[in-house]
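The structure appears right after this line, and notes come after that.
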Amino acid sequence: MAEIRNVSGTAFVVAEFRAEENREASPLYQDPIVELFLSDDSRRAAGRVAASCPLVPDLVKIRTRYFDDTLDKHIRSEVRQVVILGAGLDTRAVRKRAPGVTFFEIDDPATLKLKETRYAQSGIEAGVRFIPGNYVTDGLIELLSRTDFDFNLPTYFIWEGNTMYLPLDTVKQILEDLTTHVTRFRMSFDYMAEAVVAKTTGNPGITRLVESFASMGAPWLSGIRDIQSLARELRLTLVENFKTSDLYRAYRRRPITSEIFAFYSVCTVSC
């Protein structure tokens, strides 16, 4: 079984999966920057995870396309700040930079230092505000307050590949904090259905997937049963919500390869 060791370790595996799409004949997106962070070690780790969980690479690629497209739309609108929570090896601050738009990335100090170093070595002026810290234990609002983040400017938050690793109460608290402190924002995030984490889908393959992540040291802790009800509870507007099964058919133009796509969704909410 592959060993991720902790949630932060998934960043390198995810980066490998994102990079794979660059080599497709008709790629869903282009991410040449991510190659800066890859190594023989990350390739071996990704290979082990893919062997244990062969559906995960496509889950990553489908959500990447959705977040890329949604970010593009928001940059073309009035958004002037983009915040990426648990950024890992996300490269959008480079790939999607735009005049008048400031990017902020929050993650552990070691990950952000690696990114800063690799960008400098490659002569890339990322122009991103790195915020080292844990947005759960340190507090998201506190971390944003330490920078030149403007709580009154229209802001777009990307919360990719995070929610399933957090208790649902923590997910709610993050959203409540933003609603309380940020005047105008939209946030896109992905989430698993509650039945996936509870292992009640009735699909043995999905149950094995959940157990595989737990055995790799990165257990999924929560899912969401009804995103519309959650949005109402938190005084948010659900702008859109897609099962990745629908996005897979639209992007790949072929039938889905597993039922897991029907239980894994992406959405955008606004305040």
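Checking each residue in the stretch 93-104 for being farther than 19 Å from ASP138 by Cβ, in a strand (DSSP E or B) and in contact with a helix residue (DSSP H, G or I) (Cβ under 8 Å, 6 or more places away or on another chain) picks out only PHE103. The residue list ALA98, ALA93 contains one member that is exposed (fewer than 15 other Cβ atoms within 10 Å of the Cβ) and within 20 Å of THR64 (Cα to Cα), which is ALA98. Taken over the stretch 235-261, the residue count meeting the criterion of being of a type in the set (A, V, I, L, M, F, W, C), in contact with a strand residue (DSSP E or B) (Cβ under 8 Å, 6 or more places away or on another chain) and open to solvent by less than 20 Å² (accessible area, probe 1.4 Å) is 3. Filter the stretch 118-136 down to the residues that are open to solvent by 50 Å² or more (accessible area, probe 1.4 Å), farther than 22 Å from THR155 by Cβ and not charged (D, E, K, R) and list them by number. Residues satisfying the conditions are ALA120, GLN121, SER122, GLY123. Scanning the stretch 145-175 for residues that are open to solvent by 50 Å² or more (accessible area, probe 1.4 Å) and either within 12 Å of GLY223 (Cα to Cα) or under 15 Å from the mean Cα position of the chain (by Cα) (or both) yields PRO167, LEU168, ASP169. Applying the selection to the stretch 156-172, what residues are among the acidic types (Asp, Glu) and either assigned to a helix (DSSP H, G or I) or in contact with a Leu (Cβ under 6 Å, 6 or more places away or on another chain) (or both)? Result: ASP169, single match.
Name the residues in the stretch 105-155 that are assigned to a loop (DSSP other than H, G, I, E, B) and in contact with a strand residue (DSSP E or B) (Cβ under 9 Å, 6 or more places away or on another chain), would you? Steps first, answer last, please.
Going through the stretch 105-155, the residues assigned to a loop (DSSP other than H, G, I, E, B) turn out to be 108, 122-127, 133-134, 146-154.
Listed by number, the residues that qualify are ASP108, ALA126, GLY127, GLY133, ASN134, ARG146, THR147, ASP148, PHE149, ASP150, LEU153, PRO154.
Counting only residues that are assigned to a helix (DSSP H, G or I) and free of Cβ contacts under 8 Å to residues at least 40 places away in the same chain, which one in the stretch 230-251 is farthest from PHE157 (Cα to Cα)? Taking the candidates together, the pick is ARG249.
Reported count of residues in the stretch 179-215, each being part of a loop (DSSP other than H, G, I, E, B) and within 18 Å of PRO54 (Cβ to Cβ), is 2. Residue count for the stretch 176-229, restricted to those that are open to solvent by less than 70 Å² (accessible area, probe 1.4 Å), within 29 Å of ASN152 (Cβ to Cβ), without any contact (Cβ under 8 Å) to a residue 60 or more places away in the chain and not acidic (Asp, Glu): 1. Being open to solvent by less than 20 Å² (accessible area, probe 1.4 Å) and either within 18 Å of VAL269 (Cα to Cα) or of a type in the set (Phe, Trp, Tyr) (or both): is that true of ILE84 here? Yes.
The values are calculated or read from the model by the stated rules, or taken from the named source; none is laboratory data. The structure displayed is predicted, hence computed values, not measured ones. Please note: Cβ atoms are built from the backbone with ideal geometry, for glycine as well, and neighbour counts cover all protein chains shown. Side chains are part of the model used for accessible areas, which takes the heavy atoms of the whole protein and leaves out ligands, DNA and RNA. Shrake-Rupley method; radii C 1.70, N 1.55, O 1.52, S 1.80 Å.
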